[in-house]
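The values are calculated or read from the model by the stated rules, or taken from the named source; none is laboratory data. Here the structure is a predicted model, which is why all the values come from computation and not from measurement. Note: ideal-geometry Cβ built from the backbone for every residue, glycine included; neighbour counts use all protein chains shown.
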Amino acid sequence: MTREFKTLIGNVTKPERATKGSAGYDIAASETVTIQPGEIKLVHTGLAVQMEQDDVMLLIDRSSNPRKRGIVLSNSLGVIDHDYFPNEFMGMFTNITDKPVTIEAGQRIMQAVFVKYGLVDSDNASGERIGGFGSTGEA
């Protein structure tokens with residue numbers, strides 16, 4: 001299997017790196033959304049990602065978001081596990097200003113970085129993913 005972004009709706013552009021030296025793939029919103037002051041909102045990407053079993057994709061806030069746009073990635077760092085596919089991954093953003101902030105469809109809002117991870121020798125995880133966002137439990 002290889003790493004690949006899959007578009008889930010027709011008008012979404014697959015993420016790309018801006019330069020040869022970039023670690024992150026720019027991820028854009030697939031919809032126009034307005035976030036009220038202090039509000040936390042999920043922003044659709046229209047994308048799923050397929051990756052190797054020992055991969056994780058980290059969603060990282062763009063450094064310009066807080067100062068230029070007044071938004072931050074609410075959970076600081078999004079973790080997309082390899083078994084999240086074929087579900088759409090989204091960004092969870094908070095408006096840190098005192099005015100509504102609009103994210104336009106096609107606007108770059110975060111970046112995705114792929115990382116290999118290891119397991120402890122005594123690992124015994126046996127659960128199966130049964131859904132998308134927040135599907136592995138309440139805690």
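Filtered by the rule that a residue be basic (Lys, Arg) and crowded, with 17+ Cβ neighbours inside 10 Å, segment 43-91 gives 62, 69.
Of the residues 35, 9, 71, which is in contact with a helix residue (DSSP H, G or I) (Cβ under 7 Å, 6 or more places away or on another chain) and over 17 Å from residue 115 (Cβ atoms)?
Numbers: 35 fails: in contact with a helix residue (DSSP H, G or I) (Cβ under 7 Å, 6 or more places away or on another chain); 9 fails: in contact with a helix residue (DSSP H, G or I) (Cβ under 7 Å, 6 or more places away or on another chain).
After applying the criteria, what remains is 71.
Going through (1) over 14 Å from the mean Cα position of the chain (by Cα); (2) under 13 Å from residue 106 (Cα atoms) one by one, residue 18 falls short only on (2).
Among 96, 109, which is the only one that is in contact with a helix residue (DSSP H, G or I) (Cβ under 9 Å, 6 or more places away or on another chain), under 16 Å from residue 15 (Cβ atoms) and either exposed (fewer than 10 other Cβ atoms within 10 Å of the Cβ) or modelled with pLDDT of 90 or more (or both)? Step through it out loud before you land on a result.
Details: 96 fails: under 16 Å from residue 15 (Cβ atoms).
That would be 109, the only listed residue that is in contact with a helix residue (DSSP H, G or I) (Cβ under 9 Å, 6 or more places away or on another chain), under 16 Å from residue 15 (Cβ atoms) and either exposed (fewer than 10 other Cβ atoms within 10 Å of the Cβ) or modelled with pLDDT of 90 or more (or both).
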